[in-house]
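Below: the structure, in structure tokens.
The values are calculated or read from the model by the stated rules, or taken from the named source; none is laboratory data. These figures come from a predicted structure and were not determined experimentally. We place every Cβ from the backbone using ideal geometry, glycine too, and count neighbours over all the protein chains shown. Side chains are part of the model used for accessible areas, which takes the heavy atoms of the whole protein and leaves out ligands, DNA and RNA. Shrake-Rupley method; radii C 1.70, N 1.55, O 1.52, S 1.80 Å.
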Amino acid sequence: MSNIIKKLFLLFALFSLLGLVFIFSILWSYSNKLPDYKFLKNYKPPVSSKVYSGKGVLISDFSTEKRIFIPYNTIPKKIIYSFLSSEDKNFFKHPGVDAKGVLRAIKNNILNLIKSNRLEGASTITQQVAKNFLLSNEVSLDRKIKEAILAFRIERVLSKERILELYLNQIYLGEGSYGIASASLRYFDKPIGQLNYSEAALLAALPKAPSKYNPYKNKELATYRRNLVIKNLYDNSYISKEKYDELINSEVILKKRKRIFLEDTRYFLEEIRKKVIQDYGYDKVHKQGFNIKTPLNLELQNLASASLRKGLIDYDKRKGWRGPLDNRKEKDWTKNLDKFNLEKTIGWDIAIIKRIDKFETVIQTSKKENGVISYDDINWTRKNFEQIFKINDLIYVKKISDGIFSLRQLPNVNGGLVVMDPYSGRVLAMAGGFSFKKSEFNRVSQAKRQPGSAFKPFIYALALENNYTPSSLILDAPIVLDQGQDLKMWKPENYGKKFYGLSTLRTGVEKSRNLMTVRISQELGIDKIINFSKKLNIYDNPDELLSVSLGSAETTLLNITSAYCSFVNGGKLVTPIMIDRIQDSEGITFFNNEKRFCENCDKISYEGKNIPVIKSNFKQIFSPQTAYQMTSILEGAIQRGTGKNLRDLKLQLAGKTGTTNNNTDTWFIGFTSNLVVGVYVGYDNPKRLGKYETGSKTALPIFKDFIKKAVNNYEARPFKIAKGIKMMVIDAETGKKADFGSKKTIIESYKKEKIENQIYISNYKYNSDKLKNNILKFY
């Protein structure tokens, strides 16, 4: 008997040894194929980069996964206890694999196989970390073996706290949210520190099947799963019986986060996105959690988008009705309308024509709302209902009141509007087109067009820098110029093809006289003009032709608006700033666009005897005196010239219209004492806007609509007079010092050293006596 026992023991020992060798061989073979896990020690999950407005409002993020990283020591205990109760109650006791859990799962799965129920797993949190970071989601024995081996190894390298930190920041919890912090905001609009046990338990219920237990889709099932977690909390002694009774009967209360991801900021955000990716790379921007602070003013942005759209719609209505979007006879006509969708802020809906009467048309919107369009509403089409509609036509409409709708049409024309702080160059608002969904092309920063007369103020500013005064007399008469070999003779004309003889420099700007501008340019020389435009970053490499003086070279709205800032800020060059500051995920600033500095802050004491002196290192392009003179002249353009339609606003405004040849592109650049606003209108494929569609008719009304609403926030104070400027009352027509017989007088600004009455005509300087004789000869 003893021999038999001995043989059985030896046989058992042999099989055990063979089994150990087999297991060791398997582990050895798997060990050589496992991925490197040591990087987890310093691993940081991909975190989305956040974009903030000037007032700190979150407006967008750049990410592949929406995640906010939370260090372990800031995670509330109730969240940790909830996840441990749901996923791995022995987490702080096992070495990576829970042997008791595995045995329990084997036992239960035997019964599950018999009953054809779903098999249950026994993965620990450490195993889930191994799977999520190092392995695939493949369901196989091969993966489970690798998972177990990695779990043991991870436990030797990382602390339990670090493993839990990785897990809670990496897991997917549904609704596009990765990690507990992002999910907390998504489901409850709360930071994790404010969650109660019921909310923490709901989050802990989600990892098993985020889509199945999504409380927005199936609240009843989510409540059931949450209650299981609450029971586990009680069983594991994390909560009392009283707390359990309170929580188990509580309702699941959800609160979606109010989204400030404004559709109308898309043009602005796309510029930022391209810039940061260009500078730092796609992976860093989308995974390293940058905090990007911008100067964007959301109030001004809303006004800018609304004003631009209104102006484009008004122009488009003058061109008449072009036709419906589509005609659909099928019963369910609301399918596949995505290609017609616009931003919600536009406020339009898609509707189908149901009945056409003589004085009204009956429609039904995509939201199944019935209504009518009245005959008065279609006056702008210059047609009747039978001419513009057919039954089942699809059209855009805007709701006016209950049951009353207005016909709308997507403009063919487009444009841009940009708002800047003239003292820093910060871009406060940018509307790059009618609809970002319809076209991502940004007419503010990407559309290169001829600025036309909007460029003229820089010619006159250069003249003031070269011994001209605002009252210098320039000859407004026909001129023919040789542009060089193989080029046609150039014969510029004024708008309206009239000539006005001798006129003051001021009048040349206010009335936008082409011939006066060309004559001044002749005297200044093309080299000076080209260099001056390059210094102001208006043009890159324009052709060296005198026609450049009339805005024939191409630039962007952003560039020329930025150049106009120099008139307000005293002649300094500012560059457009769309990013104020960028910080990394730990709050360390690595990019800062602040160009101002405090000159004497180190000398200021608490006694307050000295005040800070803030200076900037912006480059001085022309003198503060010239800047003020041009501002004063451009104020005159509003009071007496091409911008006179703004007079009724009764604000301190200055600005200049621009219209190119054949009325192809129109502009208006205007400013207050602290805002510069640029507007452009034109077709993406350049063509004529219309015979009478000038800058004052198309672009200026957009500026007007914006400024009358925005000025409440940015009061238009009087423009600051530069030092070294002397004011004098002069005759507006002759440019001479006014006397009692003068009919039209204005207060003119002069540089003190130029106060003597120097008068210019074409390329020659005259005194008053010679001037009279030459005028007689000319006529």
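Of all residues in the stretch 523-557, exactly one satisfies the criterion of being in contact with an Asp or Glu (Cβ under 9 Å, 6 or more places away or on another chain), open to solvent by less than 20 Å² (accessible area, probe 1.4 Å) and of a type in the set (Gly, Ala, Ser), namely Ala553.
Taking the conditions (1) in contact (Cβ under 8 Å) with a residue 40 or more places away in the chain; (2) in contact with a Leu (Cβ under 8 Å, 6 or more places away or on another chain); (3) not β-branched (Val, Ile, Thr) in turn, Gly311 satisfies each one other than (2). Scanning the stretch 374-389 for residues that are of a type in the set (S, T, N, Q), in contact (Cβ under 8 Å) with a residue 24 or more places away in the chain and part of a helix (DSSP H, G or I) turns up just one, Thr381. Filtered by the rule that a residue be more than 20 Å from Lys497 (Cβ to Cβ) and open to solvent by 10 Å² or more (accessible area, probe 1.4 Å), the stretch 666-694 gives Ser673, Asn674, Tyr683, Asp684, Asn685, Pro686, Lys687. The single condition from (1) part of a loop (DSSP other than H, G, I, E, B); (2) open to solvent by less than 30 Å² (accessible area, probe 1.4 Å) that Pro457 fails is (1). Condition first: in contact with a Ser or Thr (Cβ under 6 Å, 6 or more places away or on another chain) and among the β-branched types (Val, Ile, Thr). Now tell me which residues in the stretch 307-338 satisfy that. Listed by number, the list holds a single entry, Thr334. Residues of the stretch 251-306 that are aromatic (Phe, Trp, Tyr) and out of contact with any Ser or Thr (no Cβ under 6 Å at 6 or more places or on another chain): Tyr267, Phe268, Tyr280, Tyr282. For the stretch 722-740, residues that are of a type outside the set (A, V, I, L, M) and part of a strand (DSSP E or B) total 3.
Which members of the stretch 367-383 meet the condition of being in contact with a helix residue (DSSP H, G or I) (Cβ under 9 Å, 6 or more places away or on another chain), over 15 Å from Lys317 (Cα atoms) and not hydrophobic (A, V, I, L, M, F, W, C)?
Tyr375, the sole residue that qualifies.
Do any residues in the stretch 689-708 that are touching a residue at least 24 places away in the same chain (Cβ under 8 Å) have Cβ atoms under 6 Å from those of residues that are open to solvent by 10 Å² or more (accessible area, probe 1.4 Å) and hydrophobic (A, V, I, L, M, F, W, C), where the two are at least six apart or on different chains, and which pairs are they? Going by the 6 Å Cβ cut-off, the qualifying pairs are Phe706/Leu303; Lys708/Leu649. Filtered by the rule that a residue be open to solvent by 70 Å² or more (accessible area, probe 1.4 Å) and more than 14 Å from Ala351 (Cβ to Cβ), the stretch 374-429 gives Tyr375, Asp376, Asn379, Arg382, Lys383, Glu386, Gln387, Asp402, Asn412, Tyr423. Annotation note: Cβ proximity below 6 Å between a residue of the stretch 212-228 that is at pLDDT 95 or above and a residue that is part of a helix (DSSP H, G or I) (sequence gap 6+ or interchain) occurs for no pair. When Ile582, Ile560 are checked against the criterion of being under 30 Å from Ile70 (Cβ atoms) and open to solvent by less than 10 Å² (accessible area, probe 1.4 Å), Ile582 stands alone in meeting it. Taking the conditions exactly as written (open to solvent by 70 Å² or more (accessible area, probe 1.4 Å), in contact (Cβ under 8 Å) with a residue 60 or more places away in the chain and aromatic (Phe, Trp, Tyr)), does Tyr468 satisfy them or not? No. Within the stretch 166-215, being polar (S, T, N, Q) and surrounded by 19 or more Cβ atoms within 10 Å (Cβ to Cβ) holds for Asn169, Gln170, Ser177, Ser182, Ser184, Ser198.
Scanning the stretch 661-700 for residues that are outside any loop (DSSP other than H, G, I, E, B) and among the aromatic types (Phe, Trp, Tyr) yields Trp667, Phe668, Phe671, Tyr680. Note on the stretch 209-322: enclosed helices (runs of 4 or more DSSP H) holding 3 or more residues that are in contact with a Pro (Cβ under 7 Å, 6 or more places away or on another chain) are 298-318.
For the stretch 488-503, the set of residues classified as in contact (Cβ under 8 Å) with a residue 12 or more places away in the chain and part of a loop (DSSP other than H, G, I, E, B) consists of Lys491, Pro492, Glu493, Asn494, Tyr495, Phe499, Tyr500, listed by residue number.
Taking the condition buried (at least 16 other Cβ atoms within 10 Å of the Cβ), under 28 Å from Leu203 (Cα atoms) and of a type outside the set (Ser, Thr, Tyr), does Val276 pass? No: the conditions fail for Val276.
Counting only residues that are among the polar types (S, T, N, Q) and closer than 21 Å to Gln288 by Cβ, which one in the stretch 62-82 is least open to solvent (accessible area, probe 1.4 Å)? If we take residues in the stretch 62-82 being among the polar types (S, T, N, Q) and closer than 21 Å to Gln288 by Cβ, then Ser63 is least open to solvent (accessible area, probe 1.4 Å).
Here Leu462 passes the criteria (1) part of a loop (DSSP other than H, G, I, E, B); (2) closer than 20 Å to Phe532 by Cβ except the one numbered (1). Considering (1) open to solvent by 10 Å² or more (accessible area, probe 1.4 Å); (2) at pLDDT 95 or above, the lone condition that Leu649 does not fulfil carries the number (2). Within the stretch 39-63, the residues that satisfy the criterion of being at pLDDT below 85 and among the aromatic types (Phe, Trp, Tyr) are Phe39, Tyr43. Among the residues of the stretch 343-373, those identified as of a type in the set (S, T, N, Q), outside any loop (DSSP other than H, G, I, E, B) and open to solvent by 10 Å² or more (accessible area, probe 1.4 Å) are Thr345, Gln364, Asn370. Checked against (1) of a type in the set (S, T, N, Q); (2) within 16 Å of Leu634 (Cβ to Cβ); (3) touching a strand residue (DSSP E or B) at 6+ places or on another chain (Cβ under 8 Å), Thr507 passes all but condition (3). Identify, please: which residue in the stretch 731-752 is closer than 25 Å to Phe622 by Cα and touching a residue at least 24 places away in the same chain (Cβ under 8 Å) and is, among those, most open to solvent (accessible area, probe 1.4 Å)? In this case the residue turns out to be Lys752.
Quickly run through the stretch 178-193 and pick out the residues that are within 16 Å of Tyr213 (Cα to Cα) and assigned to a helix (DSSP H, G or I). Ile180, Ala183, Ser184, Arg186, Tyr187, Phe188 - these are the residues of the stretch 178-193 that are within 16 Å of Tyr213 (Cα to Cα) and assigned to a helix (DSSP H, G or I). Say whether the condition of being open to solvent by less than 40 Å² (accessible area, probe 1.4 Å), at pLDDT 75 or above and either outside any loop (DSSP other than H, G, I, E, B) or within 22 Å of Ala209 (Cα to Cα) (or both) is met by at least one residue in the stretch 132-144. The answer is yes, given that some residue of the stretch 132-144 is open to solvent by less than 40 Å² (accessible area, probe 1.4 Å), at pLDDT 75 or above and either outside any loop (DSSP other than H, G, I, E, B) or within 22 Å of Ala209 (Cα to Cα) (or both).
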